[in-house]
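J.: Can you keep this structure in mind? I'll have questions shortly.
The values are calculated or read from the model by the stated rules, or taken from the named source; none is laboratory data. On a predicted model such as this, the values are computed, not experimentally measured, just so you know. No Cβ is skipped: glycine too gets one built from the backbone with ideal geometry, and neighbour counts run over all protein chains shown. Just the protein is used for accessible areas: all its heavy atoms, side chains included, with ligands, DNA and RNA removed. Shrake-Rupley method; radii C 1.70, N 1.55, O 1.52, S 1.80 Å.
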Amino acid sequence: MTKILVDDVEVDVPPHYTLLQAAEAAGMEVPRFCFHERLSIAGNCRMCLVEVKGGPPKPQASCAMNVRDVRGGPDGSLPQIFTKTPMVKKAREGVMEFMLINHPLDCPICDQGGECDLQDQAMAYGKDASRYAEPKRAVEDKYIGPLVKTVMTRCIHCTRCVRFTTEVAGITELGLIGRGEDAEITTYLEKAMTSEMQGNVVDLCPVGALTSKPFAFNARPWELAKTESIDVMDAVGSAIRVDTRGREVMRIVARTNDAVNEEWISDKTRFIWDGLRSQRLDRPYVRVNGKLQPATWAEAFAAIAAKVKAAQPGKIGAIAGQLAGVEEMYALKALLASLGSANTDARYPGNPLNSKAGRGSYLFNATIAGIEEADSLIIIGANPRKEAAVLNSRIRKRYLKGKFPIALVGENANLSYPATYLGAGPESLAGYKPAGEKPMVIVGQGALNRADGAAVLAAAAKLALEIGAVKDGWNGFCVLHNEASLVGALDIGFTPGEGGLDTGAMIGGGVEVLFNLGADDIEIPAGSFVVYQGTHGDNGAHRADVILPGAAYTEKSATYVNTEGRVQQTVRAAFPPGEAKDDWAIIRALSDVLGKTLPFNSLGQLRAALYAEFPHLAALGTIKAGEAADVEALAKLGGVPDKAAFKNAVEAFHLTNPIARASKVMGECAAIASGAQAQAAE
């Protein structure tokens, strides 16, 4: 650590800190446009000027000078910098004046108005007049896709967007061309950006040059109610803020959580909100003479009760989909148990993950932040770029630090970092020997959602033990989930009980009455009476005999457990449309009609029962770690995988769930992505 004086305040900071970071550690505010803590240093804007005692008689860019570079006095006094002297004030005013030479006065019509760094800093550090009367330059707007709107005349060339796309997203589609007044940010060929993380440039842009195209002209920031929540579009559980006006979600932006998503979110997380309005189920339906007809709640419950009472307990089952919260799965499991059925499951047919095998058998044990500690990686049957884009950016971050060999088994995809392709199927695992003390093995759902999934899981666990990925102080055996609900379902045992049927058996005709809690990605053949409880008119609703409208993740408080086992909760930001209700409340009301009343009347009572049975779910934001013994037990299960190639679980990144498929924006992105893939294949 190094001591330094900032405006006569002594602070002790690491020597690699920039002067800007040291000033912030001392409680001083230093303006900046180009500097960002998670990006490389560019030193473009010069707004962060400070005065260095004993240095050159001119202000210094505090973002481009480290604390170790500042010398103390010959008398042994501490190095000293100043952030508020007349020299600094005059220099900042001059820089701001230059910034505004060509910047248009678009504030009344700019979507960044109210959240604009240039606006704020011009007020705080600028002058009240300009000496420039010459005409302002104009720059042609660029098309960079359906997500990001460009007004490039506003651009101040901070290059944050260029550095983000190159360093974090791993694409080289944005850059700066020209010099002086002719300089401009461009995509070179003016085509849509291909990254699944491109929307983050909207948050990074300090002016209104890059804004959200779907959100354009919809609302001003001060009109919106802001609710901190978490994302359920994948199993990462990114921290988000949901902005609403009245009953409608207007936009979703990122929150900082260094342990999970840092401050990035995927495009599906950010731009999904228009799908929350489209194709919503807002009242119950009952199928009469082959057609779904609107019904009252009482009529829907009566139709279900008639079928349930006519069926044997062993012929009643329940499956849960990827957006189901822990509370509703717990309630549904309790309802099935009260009916005498053990037929509950939340897994794809063939998936071997099981709560009885212990948490270590199905968690991303190394944790997302732990990726940065690993020194080698093998990815089996997964494409993290499509299945968990934010987690993939963390792998890229570790790769950029160096000495991190990556191997890939399965579909050979562009992951945004180089990987050695070993082969397409399980036999490619043989002979893999990484270097390093902390190897990591990532097993994707593409390797598990198949008939030999148990054998593949055992082989991956055996490999992890052989290469030293599981040992004291390090557990590098990681199962990568792509569904927000599955870890929570495994935690509470929403899997077949003693003698119970799994998903494959239930949809194969093993049950007469099937409760479908939002499972829209599994085809259910004719034969069973299907009760669908969900939010959108998607595949599950089309197959249903009774539809019960539920609440989306922005419309309820629900618990989700992410791929690493971190317990988190969504927060209600809006209310469900029409007659739609909270999912747990629907199940509680139905239990009354079925004569099997569940022992809770409020969400608080339900959670009290849930926490009594599963105490770790009460510790929000924490991870109950899995045991190394769980991985060792997996490895002993054995089995011989067949030689079929792994097929990734996610093919179309933008269309993985009912909300995404209802989103017009996601549909447009999917069309562009499929066109790009077809072009690349040619």
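J.: Return the only residue of 570, 554, 563 being surrounded by 20 or more Cβ atoms within 10 Å (Cβ to Cβ) and touching a Cys at 6+ places or on another chain (Cβ under 9 Å). Before the answer, list the steps.
T.: Working: 570 fails: touching a Cys at 6+ places or on another chain (Cβ under 9 Å); 554 fails: touching a Cys at 6+ places or on another chain (Cβ under 9 Å).
Unique residue meeting the criteria: 563.
J.: Still on this structure: Out of segment 127-179, which residues are open to solvent by 30 Å² or more (accessible area, probe 1.4 Å), in a strand (DSSP E or B) and closer than 22 Å to residue 32 by Cα?
T.: 176
J.: Just give me the residues in segment 94-111 being touching a helix residue (DSSP H, G or I) at 6+ places or on another chain (Cβ under 8 Å) and either within 24 Å of residue 220 (Cα to Cα) or exposed (fewer than 14 other Cβ atoms within 10 Å of the Cβ) (or both), in sequence order.
T.: First pass over segment 94-111, keeping only residues touching a helix residue (DSSP H, G or I) at 6+ places or on another chain (Cβ under 8 Å): 96, 99-100, 102-104, 106-107, 110.
100, 103, 104, 106, 107, 110 - these are the residues of segment 94-111 that are touching a helix residue (DSSP H, G or I) at 6+ places or on another chain (Cβ under 8 Å) and either within 24 Å of residue 220 (Cα to Cα) or exposed (fewer than 14 other Cβ atoms within 10 Å of the Cβ) (or both).
J.: Of the numbered conditions (1) more than 25 Å from residue 335 (Cβ to Cβ); (2) modelled with pLDDT of 95 or more; (3) open to solvent by 60 Å² or more (accessible area, probe 1.4 Å), residue 613 satisfies every one except a single condition; which is it?
T.: (1)
J.: Another one. Which one of these does residue 512 not meet: (1) more than 19 Å from residue 308 (Cα to Cα); (2) touching a strand residue (DSSP E or B) at 6+ places or on another chain (Cβ under 8 Å)?
T.: Here residue 512 meets the rest and fails (1).
J.: Among the residues of segment 501-521, which ones are assigned to a loop (DSSP other than H, G, I, E, B) and crowded, with 19+ Cβ neighbours inside 10 Å?
T.: The first filter runs over segment 501-521 and keeps only residues assigned to a loop (DSSP other than H, G, I, E, B), leaving 501-502, 511-512, 518-521.
Once the filter is applied, which keeps residues that are assigned to a loop (DSSP other than H, G, I, E, B) and crowded, with 19+ Cβ neighbours inside 10 Å, segment 501-521 yields 501, 502, 511, 518, 519, 520.
J.: Only one of (1) in a helix (DSSP H, G or I); (2) open to solvent by less than 30 Å² (accessible area, probe 1.4 Å); (3) closer than 14 Å to residue 17 by Cα; (4) not aliphatic (A, V, I, L, M) is not met by residue 68, so which one is it?
T.: (2) is the only condition that residue 68 fails.
J.: Taking the residues in segment 180-225 that are among the small types (Gly, Ala, Ser) and assigned to a strand (DSSP E or B) as candidates, determine which candidate is surrounded by the fewest Cβ atoms within 10 Å (Cβ to Cβ).
T.: At the first step, the residues of segment 180-225 found to be among the small types (Gly, Ala, Ser) are 180, 183, 192, 195, 199, 208-209, 212, 216, 219, 225.
With assigned to a strand (DSSP E or B) added as a condition, the list becomes 212, 225.
Details: 212: 21, 225: 12.
Out of the qualifying residues, it is 225.
J.: Sticking with this one: Residues being part of a loop (DSSP other than H, G, I, E, B) and free of Cβ contacts under 8 Å to residues at least 40 places away in the same chain: count how many of those fall in segment 30-52.
T.: Initially, segment 30-52 is screened for residues part of a loop (DSSP other than H, G, I, E, B), giving 30-48.
Narrowing the set further to residues that are free of Cβ contacts under 8 Å to residues at least 40 places away in the same chain leaves 32, 35, 37, 41, 43, 48.
Residues flagged as part of a loop (DSSP other than H, G, I, E, B) and free of Cβ contacts under 8 Å to residues at least 40 places away in the same chain within segment 30-52 amount to 6.
J.: Which of the residues belonging to segment 112-123 are open to solvent by less than 70 Å² (accessible area, probe 1.4 Å) and part of a helix (DSSP H, G or I)?
T.: Passing the criteria: 117, 118, 119, 121, 122.
J.: With respect to the numbered conditions (1) in contact with a Pro (Cβ under 9 Å, 6 or more places away or on another chain); (2) open to solvent by 70 Å² or more (accessible area, probe 1.4 Å); (3) more than 25 Å from residue 5 (Cβ to Cβ), which one is the sole condition not fulfilled by residue 46?
T.: Answer for residue 46: the failing condition is (3).
J.: Filter segment 398-416 for residues that are over 25 Å from residue 456 (Cα atoms) and open to solvent by less than 70 Å² (accessible area, probe 1.4 Å); which is modelled with the highest pLDDT?
T.: This residue is 398.
J.: Hand me the list of helices (runs of 4 or more DSSP H) wholly inside segment 564-682 holding 1 or more residues that are closer than 30 Å to residue 466 by Cα. If you could, list the steps in order and put the result at the bottom.
T.: Numbers: elements: 583-593, 603-613, 628-635, 658-662, 664-681.
Per the criteria, 628-635.
J.: Moving on to the next point. Out of 267, 234, 282, 274, report the one residue that is in contact with a helix residue (DSSP H, G or I) (Cβ under 9 Å, 6 or more places away or on another chain), open to solvent by 20 Å² or more (accessible area, probe 1.4 Å) and either on the phi > 0 side of the Ramachandran plot or among the acidic types (Asp, Glu) (or both).
T.: Details: 267 fails: open to solvent by 20 Å² or more (accessible area, probe 1.4 Å); 234 fails: open to solvent by 20 Å² or more (accessible area, probe 1.4 Å); 282 fails: in contact with a helix residue (DSSP H, G or I) (Cβ under 9 Å, 6 or more places away or on another chain).
Residue meeting the stated conditions: 274.
J.: Among the candidates 493, 436, single out the residue that is of a type in the set (Gly, Ala, Ser), open to solvent by 10 Å² or more (accessible area, probe 1.4 Å) and within 19 Å of residue 359 (Cβ to Cβ). First the steps, then the outcome.
T.: Numbers: 436 fails: within 19 Å of residue 359 (Cβ to Cβ).
Exactly one of 493, 436 is of a type in the set (Gly, Ala, Ser), open to solvent by 10 Å² or more (accessible area, probe 1.4 Å) and within 19 Å of residue 359 (Cβ to Cβ), namely 493.
J.: Among the residues of segment 350-374, write down those that are farther than 25 Å from residue 614 by Cβ and modelled with pLDDT of 95 or more. Show your work before the answer.
T.: Taking segment 350-374 and keeping what is farther than 25 Å from residue 614 by Cβ, we get 350, 371-374.
Of everything in segment 350-374, those that are farther than 25 Å from residue 614 by Cβ and modelled with pLDDT of 95 or more turn out to be 371, 372, 373, 374.
J.: Looking only at segment 423-441, count how many residues are within 12 Å of residue 382 (Cα to Cα) and in contact with a helix residue (DSSP H, G or I) (Cβ under 7 Å, 6 or more places away or on another chain).
T.: 1
J.: From the list 407, 430, 419, exactly one residue is of a type in the set (A, V, I, L, M, F, W, C) and touching a residue at least 40 places away in the same chain (Cβ under 8 Å). Which is it?
T.: 419
J.: Looking only at segment 1-25, how many residues end up being within 35 Å of the chain's Cα centre (by Cα) and open to solvent by less than 20 Å² (accessible area, probe 1.4 Å)?
T.: 6
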